[in-house]
Amino acid sequence: MEIKFYPLDFTYQYKDGTTYISIYGKTIQNESLCIVQPYRPFFYIKIDNLDTKKLAEKLKDLQVEAKYNPENAKVTGHEPIEKELLGKTQLFWKVYVNYPKAVPIISREIASWGIECYEKDILFVHRYLRDNNIVPMTLTKAVGKFNSKSSLRVPLFEAEKVQPLSLDTPPNLKILAVDIETYAKEKIINFDKNPILMIALYGADENGKEFKKVLTWKNFSHDSDFIEFVSDETQLLQQFKEILLHFKPDILTGYFSDGFDLPYILYRANKLGVKLDLGADYSNLQADTRGDAQEREASITGTLHLDVFKFVRNIFGKNLKTDSYSLDAVSEEILGDKKKVVNLDLLADTWDNNVDGLHDYCIYNLHDAHLTYRLCLKLLYDMIEFTKIVGLPTFDVIHMRFSKLVESYILKRAVEYNVIAPNKPAGKEMDQRMEETFEGAFVYEPIPGLYKDIVVFDFRSLYPSIITSHNIGPESFSCDCCKEVGKVPTLEQYWFCTQDKKFIPNVLEHLINIRAVLKKEIKEAKAKGENTLMLEARSWAIKTLANSFYGYLGFFGARWYSIESARATTAYARNYIRTTMAKAEEHGFKVCYGDTDLLFVLLGDKTLNDALKFQKEVNAVLPGTMELELENYFTRGLFVANKSNTKGAKKKYALISKEGKMKITGFEMIRSNSSLLAKKTQEKVLRLILEDHIPEALSTLQSEIKKLLAGEVPLDQLIIRTQITKELNSYSAIAPHVAIAWQMVKRGEVVSPGSTVEYIITKGKGLVRDRAKIPVDVKAGDYDAEYYLHNQLLPAVSSIFLVLGYSEEQLLGEKKQTGLGKFF
């Protein structure tokens, strides 16, 4: 029989000498099931110049002891196959082994014979998906029969064949969000000592029917229908298990649930003897409870666990304006909603001494789960689109950084092109790569000033289009057929094949072409008033992936590493921006700034139509997919000087369009360690100046200085946010943000590389770091006004006013003031 379903979660099992892939998903009738199919694990060996008869005999008898595995690792067969490796077709053997974990064991043994082994580190589930072109979250077909004797919680379908049908995605999925609150009287996270006080669950079924619940084990009076009391923490965990088994979510989500909620739940369950056998195969919840919380993973067999924080941190965060990945900040930007305000420091005391106050914490707990559910629902489009492009389980995709996403996409396409993946570097090769460098982009420094009538041109997807247009990649480098015609500008010792399009540029060009079609479809859909959410999510995912190829080629850990390709790409980019600048000058335009893929020209006595004619002429001679686009026309633009000299600062400018929309780059407005006071004042000043209201801009600054020195600025405007970039014990100098991070650790908060800490500099004597305090510990007006004046406010605006002829002394009056003075 035949069934149609959507694959969601994947695992494998080894039984009676056969390895089976297990695919958990939903049928088109919305029924959960598990599809199993036998699949043989394998890797490749290179057989050039080898005595294949002797090799076959050795493989036939090869068996390696494998502790903690079901049986000794052994070879179960081999077959010859032609594959392309870095542009050259060669003969390999495909070597089969008895179970997936035997692959690294057997390949290590064969490598000790001096034979090169390939694709020995490909995860078995990933191998199966790529080889069979199965795309998670999309419509798939299986042919086989149901096994009525299954011991699973869901029906078992034994498949003879599994194949993709379309990229259609599940119309409705059951999503459940989880969030916990724990007892922490000493403000220290301690899995062993501190119990879970409440667990909030919020979700909806396939029909959108809401489910909300807060489980807690201390009674208090309330009128909320979502609170359920249990007798103790043990029953709390047992009831949590029962809810999950009854609700049967397709997706379990959380915010930092990989690092905190699920590991904490598992640890407490183990301690109290509660078996969390939540898996569709009755397996336990799997979660890391030790090590770096930022890198932990948690999973339930048959249920797709999606930690929204991981997706935001690893992928989607590049698309956000916020400099903090906290649930509060991300929810505010994406949903326009924030967390409820409660003092978590008082939760333990409230639990012990004021039970009626627990109602507010239950509401807070449920709201966190609700925000997480909404974020998951909102971002699911993007998660699915990356899943479809990369072709791997969504759980794996959201845990990947961009270099891994690019490589995973290339590996998927490698199967189509019959390409074998190069090995990852190790040892001396890795050390050598880490020392190799390449020159970056070209920047034409601006002359500081206030300009009018600026047209900004942008080379569309510059690096990807260079790679595809010039056939750049490790397979095409230094070919034998193009020594005289494929040379790279300023790097004439480098050339790339001009005869045949090679693997890497082909794969990348496919992404570029798909996005071009998507952009057209989005434009047409918008004109018809249709919903473009899915199309825009896919377009963004493809753009992000394509733009990461250049960085991947120069990444020392890449399989398809090619420092020559990275160098050539930037060399071509520098050449194109320079030649286009020269052509603009020939057409009578004055170039005021150029940077990587952007060109800023002044119209002067020319018109916008003249600029468009110039653009058309440039595009007529650009190769391949390269294209110069008109980004926008701006009525005013401000360029400032470097701090150290009078030269124009790179990547630091402000522009305003005729519609009044500002484009600001490089100023404190988008710097994470600037306070809201600095950011907002700077934005006001820039807008007024770009709108030709310079006296009003100065007056605005003076007003903010007056309020600051008078102690009237709200504390939320003074919070400084700084990211922790390494392990805390690695810092030799204790800056304010590091001191705050240590304070947070003492309070029980998890602070690791990537975390953002918040603090305010308060009044007093001594080092600045000693006067940095966590915002909730600061009283109104108790901030160091002089610090914020000279380290936040003035640095944010002084370079702007300097362009207009105002010195910092003039901004403060006849001389620098230490208080209100006669300036006011």
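Coordinate-derived values only; no laboratory data. Everything numeric in this text was worked out from a predicted model, so none of it was measured. Positions of Cβ are generated from backbone atoms using ideal geometry, with glycine treated the same way; all protein chains shown enter the neighbour counts.
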Give me the percent of DSSP beta bridges within the chain that run antiparallel, rounded to the nearest 5.
-> 90
Of all the Cα-Cα pairs you can form in segment 175-376, what percent are over 24 Å apart?
-> 38
Around VAL456 (Cβ within 10 Å, Cβ-to-Cβ, excluding VAL456; K/R +1, D/E -1) the net charge comes to -2
Tally the DSSP beta bridges in segment 175-376 and give the antiparallel ones as a percent, rounded to 5.
-> 65
Treat every Asp and Glu Cβ in segment 700-823 as -1 and every Lys and Arg Cβ as +1, leave all other atoms uncharged, and give the resulting dipole magnitude about the Cα centre to the nearest 20 debye.
-> 240
Computed magnitude of the charge dipole of the chain (debye, nearest 20; Cβ of K, R +1, Cβ of D, E -1) = 880
Provide the three semi-axes, in whole Å and in decreasing order, of the ellipsoid equivalent to segment 734-790 as defined by the square roots of 5 times the Cα gyration tensor eigenvalues.
-> 21, 12, 10
Treating cross-link reach as a plain straight distance, find the aspartates and glutamates whose alpha-carbon is under 15 Å from the alpha-carbon of LYS428, omitting any fewer than eight places away in the same chain.
-> GLU436
Calculate the length of the line joining the C-alpha centroid of segment 781-803 to that of segment 182-255, in whole Å.
-> 46
Listed residue pairs exceeding 20 Å between alpha carbons, taken from LYS248/LYS388; LYS46/LYS94; LYS26/LYS174; LYS378/LYS726 | LYS248/LYS388; LYS378/LYS726
With no solvent and one equal point scatterer per Cα, compute the Debye intensity ratio I(q)/I(0) for the chain at 0.05, 0.09, 0.11 Å⁻¹ and report its log10, rounded to two decimals.
-> -0.34, -1.10, -1.46
Using the Kirkwood formula on alpha carbons, the hydrodynamic radius of segment 370-477 in angstrom works out to 18.7
Kirkwood-based shape ratio for segment 479-611, expressed as Rg/Rh from alpha carbons | 1.06
Lysines with Cα under 17 Å of LYS185, excluding same-chain neighbours fewer than 8 positions away = LYS193, LYS218, LYS746
Percentage relative contact order, the chain, counting C-alpha pairs under 8 Å, at least six apart = 10
Using a Cα distance threshold of under 17 Å, what count of lysine pairs results for segment 460-570 when pairs must be 8 or more residues apart or interchain?
-> 9
Could you give the dipole magnitude of segment 443-657 about its Cα centre, charging the beta-carbon of Lys and Arg +1 and that of Asp and Glu -1, in debye to the nearest 20?
-> 560
Calculated [θ] (222 nm, deg cm²/dmol) that DSSP helices of n ≥ 4 give over the chain, each run adding -39,500 (n - 2.57) = -11000 deg cm²/dmol
Rounded to a whole number, what is D in µm²/s for segment 700-823 from Stokes-Einstein with the Kirkwood radius over alpha-carbon pairs (4 °C, 1.567 mPa s)?
-> 81
Sequence-distant aspartates and glutamates (8 or more away, or on other chains) whose Cα lies within less than 16 Å of LYS412 = GLU84, GLU119, ASP121, ASP131, GLU385, ASP396, GLU509
Which stretch or stretches of segment 572-601 have amide N atoms under 18 Å from the point lying 7 Å from LEU612's Cα along the Cα→Cβ direction?
-> 601
Given a cut-off of 16 Å, what percent of all Cα-Cα pairs of segment 228-304 lie beyond it?
-> 50
